[in-house]
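To start, the structure under review is shown below, and the notes come after it.
The values are calculated or read from the model by the stated rules, or taken from the named source; none is laboratory data. The structure presented is a predicted model; accordingly, all values stated were derived computationally and were not measured. In this analysis, Cβ positions are derived from the backbone assuming ideal geometry, glycine residues included, and neighbour counts consider all displayed protein chains.
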Amino acid sequence: MIFTKGCETSLGQGLILEFNEVINSFEQIERQSIALAIAEGIYTEINKRISTTWGSVGLLLNPKLKNIDLPTYELLTNKWSDIYRQFHETFFPGNYKCINDSEPPITQNGLLSINWKREMDEFDFLLATPVVPIPNRMLTEKEISDKIISSGYYKYFKNNLAGNITTHQDKIILENLPKSNFETYP
C-alpha cells in the first residue's frame with residue numbers, strides 16, 4: 001500500500017486486525033512483523049528481513065503509550081530502531097515518499113510517520129507495509145485500471161473489494177474495468 005500525507009483528506013478504508021495472541025514482549029512484535037512480511041512477500045527465502053527494495057514493515061505506536069508508560073514506549077522504539085539499523089545500507093525511506101510529500105511515510109528507524117487516527121485508539125501499536133511508489137506519485141484511476149486490464153490481474157482488486165478494503169479511487173477504477181470481471185461486485 002502506498003502511504004502519503006497528500007491523501008489525508010481523501011481516505012479509503014483499510015482493516016486493522018488484532019493478533020491471534022496477546023503481545024507481551026518485543027520478541028512477539030518482531031515475530032508478528034516477520035509473519036506480516038512473509039504474507040506481503042517481503043520476507044522470503046532469499047531476503048530474510050522485514051524490508052526489501054520495494055516495501056517494508058513499519059511500526060506505529062499509539063501516542064498515548066508515550067504519556068502512560070514512557071519507558072515501554074522508548075524500549076519499543078529503540079528495539080525497533082535497532083532492527084532497522086541493520087538495513088542502513090539498503091533501506092532508503094526517501095524512496096517511499098510521493099513527489100508532493102514533505103516527508104516519507106516511514107523513517108530511517110522503520111517507524112511509520114502517519115497520523116494516528118481516533119479509530120485506532122483501542123490498539124497499542126500498528127504494523128503496516130508501505131511500498132515504494134512507482135512512479136513517485138499517486139496513480140490516477142485510469143492508470144490503475146489500465147494496469148489491471150493490461151496485466152489481467154484482477155484478483156488483488158477483487159479481494160480488496162470483497163474484504164471491504166477501499167480507496168477513494170475505487171468507484172472510478174471499477175467503472176473503467178470490464179463489467180464481466182466484476183459481476184458479483186457492486
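Some notes on this structure:
- Here Asn95, Asn62, Asn100, Asn109 are screened, and the one residue that is in contact (Cβ under 8 Å) with a residue 12 or more places away in the chain, polar (S, T, N, Q) and touching a strand residue (DSSP E or B) at 6+ places or on another chain (Cβ under 8 Å) is Asn62.
- Flag for Ser10 being out of contact with any Cys (no Cβ under 9 Å at 6 or more places or on another chain), surrounded by 19 or more Cβ atoms within 10 Å (Cβ to Cβ) and either at pLDDT below 95 or among the small types (Gly, Ala, Ser) (or both): no
- Hits in region 75-120 (condition: surrounded by 13 or more Cβ atoms within 10 Å (Cβ to Cβ) and closer than 18 Å to Asn24 by Cα): Leu76, Thr77, Lys79, Trp80
- Complete set of residues in region 49-88 that are among the polar types (S, T, N, Q) and outside any helix (DSSP H, G or I): Ser51, Thr52, Thr53, Ser56, Asn62, Gln86
- So Leu127, is it out of contact with any Cys (no Cβ under 7 Å at 6 or more places or on another chain), surrounded by 16 or more Cβ atoms within 10 Å (Cβ to Cβ) and assigned to a loop (DSSP other than H, G, I, E, B): no
Conditions tested, residue by residue: (1) of a type in the set (Lys, Arg); (2) in contact with a helix residue (DSSP H, G or I) (Cβ under 7 Å, 6 or more places away or on another chain); (3) within 26 Å of Arg49 (Cβ to Cβ); (4) at pLDDT 85 or above.
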| position | (1), (2), (3), (4) |
| --- | --- |
| Tyr84 | no, no, yes, yes |
| Glu89 | no, no, yes, yes |
| Asn95 | no, no, yes, yes |
| Gln108 | no, yes, yes, yes |
| Glu143 | no, no, no, yes |
| Ser151 | no, no, no, yes |
| Ile165 | no, no, yes, no |
| His168 | no, no, no, no |
| Leu174 | no, yes, no, yes |
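- Some residue of region 54-64 being touching a Lys or Arg at 6+ places or on another chain (Cβ under 8 Å) and either assigned by TED's automatic domain parsing to the domain that holds Trp116 or modelled with pLDDT of 95 or more (or both): no
- Test: residue in region 139-154 that is part of a loop (DSSP other than H, G, I, E, B), loosely packed, with under 11 Cβ neighbours inside 10 Å, without any contact (Cβ under 8 Å) to a residue 12 or more places away in the chain and out of contact with any strand residue (DSSP E or B) (no Cβ under 9 Å at 6 or more places or on another chain): yes
- Ile173 crowded, with 16+ Cβ neighbours inside 10 Å, farther than 30 Å from Lys66 by Cβ and outside the structural domain of Leu75 (by TED's automatic domain parsing): yes
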